[in-house]
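Quick notes on the structure that follows.
The values are calculated or read from the model by the stated rules, or taken from the named source; none is laboratory data. This one's a predicted model, so the numbers in the text were calculated from it and none came from an experiment. Glycine gets a Cβ as well: all are built from the backbone with ideal geometry, and neighbour counts include every protein chain shown.
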Amino acid sequence: MEKQDILSMNLPELQAALTAFQVPKYRAGQIYRWLHVRKVRSFSEMLDIPSKLRSELDSAFCIKSLFVAKKLASCMDDTVKYLYRLPDGQHVETVLMHYKHGWRLCISTQVGCKMGCAFCASTIAGYVRDLTPSEMLLQIDETERDAGVTISGLVLMGIGEPMDNFDNVMRFLELLSDPEGRQMSLRHVTVSTCGIVPRIRELADRKTGLTLAVSLHNPTDAARSKIMPVNRRYPLSELMEACQYFFETTGRRVTFEYAVMEGENDSDADAAALAKLLRGRGAHVNLIPVNKVRERSYHATRRAAQDFMQRLERLGVHATVRRTLGSDIEAACGQLRHETEKDTG
């Protein structure tokens, strides 16, 4: 019989699973804290659990592990990019970034991606599977262990579309914020989406307190559909209505991510169309000089992004250019995994 993934269980599920072992109810709380507070890697480390029970747990459950397959440290700043090998041999990327307010981690939610955005490396090697809640948690745990830091902020903006793995992401967030466990405030978490409208509305109804970032990248349906196939299913009118619903339901302002691509989406007409689209929404636009991907022709300099920002601000749109981190280690999502898959394929 396949062992159960104990790190993906919430406390009530763990309590229910332990009834078969005929142990006192408080044991579930002890085990849960070993997993989510002390973050042990094996049942043998749970020193206040009877040895017989530890052996029984080891027979019925598994504590998953991630392994560092590659690690790239920037010479320009404190950014570190990890390529983690999963238990089944697949790989995902995680990026550690240092800001004035602390350490922030960008994690993956899927092995590969189905969304097919034309400028993104994550989709090139193809979608394989969703990550489990434990595999998301372990990206935090293993990075903290390796780097010797405490993560104070999190972005779900690595490989994969979080809203396409909605149930597992919601369980991950539940475990992350559980007052009986890890206790991270979801106000320090940003979830990025390319625009899966029904999930944005469902996320709003849950009122988790997190920040929603929407990858916009073009202000017109015709142009956006060319580079982001999701727009053919959920056009801008529906996406903007969902974003407004999120704001009105949660009181949390939506951030719009806009990857500046020279000659593609940075003209005066693009700036005017974007200002019109976002007018009256109190929106913030996070401009990103598009990351160079070998298989793609899109490019942009930081100067181009700053010029576009100035045009937006003259039109009344609040915008900033994202600080560039780890540019010397190709910290854009998907590139390291793609190169590894090519080498081993």
*Among the candidates Gly158, Gly181, which residue alone is assigned by TED's automatic domain parsing to the domain that holds Leu96 and under 20 Å from Glu93 (Cβ atoms)?*
Gly158
*Just a yes or no: is a residue in segment 268-283 closer than 30 Å to Asn168 by Cβ and acidic (Asp, Glu)?*
no
_What pairs come out if I take residues in segment 22-36 that are touching a residue at least 40 places away in the same chain (Cβ under 8 Å) and under 12 Å from Pro12 (Cα atoms) and pair them with residues that are surrounded by 14 or more Cβ atoms within 10 Å (Cβ to Cβ) and not basic (Lys, Arg) whose C-beta lies under 6 Å away, six or more apart or interchain?_
Tyr32/Leu11; Tyr32/Leu14
*Within segment 3-20, identify whether any single residue is modelled with pLDDT under 95 and either of a type outside the set (Ser, Thr, Tyr) or assigned by TED's automatic domain parsing to the domain that holds Gly148 (or both), and answer yes or no.*
yes
*asked:* Can you pull out every residue in segment 50-69 that is in contact (Cβ under 8 Å) with a residue 40 or more places away in the chain and in a loop (DSSP other than H, G, I, E, B)?
replied: Ile63, Lys64, Ser65, Leu66
*Residues in segment 249-257: is at least one part of a helix (DSSP H, G or I) and assigned by TED's automatic domain parsing to the domain that holds Met163?*
yes
*Quick check, is Ser65 touching a Pro at 6+ places or on another chain (Cβ under 8 Å) and more than 22 Å from Ser122 (Cβ to Cβ)?*
yes
*Filtering segment 215-230 down to residues that are touching a helix residue (DSSP H, G or I) at 6+ places or on another chain (Cβ under 6 Å) and either within 23 Å of Glu248 (Cβ to Cβ) or without any contact (Cβ under 8 Å) to a residue 12 or more places away in the chain (or both), which residue is surrounded by the most Cβ atoms within 10 Å (Cβ to Cβ)?*
Pro219
*asked:* Return the residues of segment 300-316 that are within 26 Å of the chain's Cα centre (by Cα) and at pLDDT 90 or above; say none if nothing qualifies.
replied: Ala305, Gln306, Met309
*(1) assigned by TED's automatic domain parsing to the domain that holds Trp34; (2) among the aliphatic types (A, V, I, L, M); (3) within 16 Å of Ser134 (Cα to Cα): which one isn't true of Val92, the others all being true?*
(1)
*Please state which of the following conditions His36 fails to meet, knowing it meets all the rest: (1) farther than 14 Å from Glu135 by Cβ; (2) in the same structural domain as Gly160 (by TED's automatic domain parsing); (3) under 24 Å from the mean Cα position of the chain (by Cα).*
(2)
*What are the residue pairs meeting all of these: first residue in segment 178-195, first residue over 21 Å from Cys113 (Cα atoms), second residue basic (Lys, Arg) and part of a helix (DSSP H, G or I), Cβ atoms under 9 Å, and 6 or more apart or on different chains?*
Glu180/Arg33; Gly181/Arg33
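Rundown of residues vs (1) among the charged types (D, E, K, R); (2) out of contact with any strand residue (DSSP E or B) (no Cβ under 6 Å at 6 or more places or on another chain); (3) modelled with pLDDT under 95; (4) closer than 27 Å to Thr150 by Cβ, yes/no style:
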site	(1), (2), (3), (4)
Ser192	no, no, no, yes
Val197	no, yes, no, no
Arg201	yes, yes, no, no
Ala204	no, yes, no, no
Thr220	no, yes, no, no
Leu239	no, yes, no, no
*How many residues does segment 107-128 contain that are of a type outside the set (Phe, Trp, Tyr) and without any contact (Cβ under 8 Å) to a residue 40 or more places away in the chain?*
2
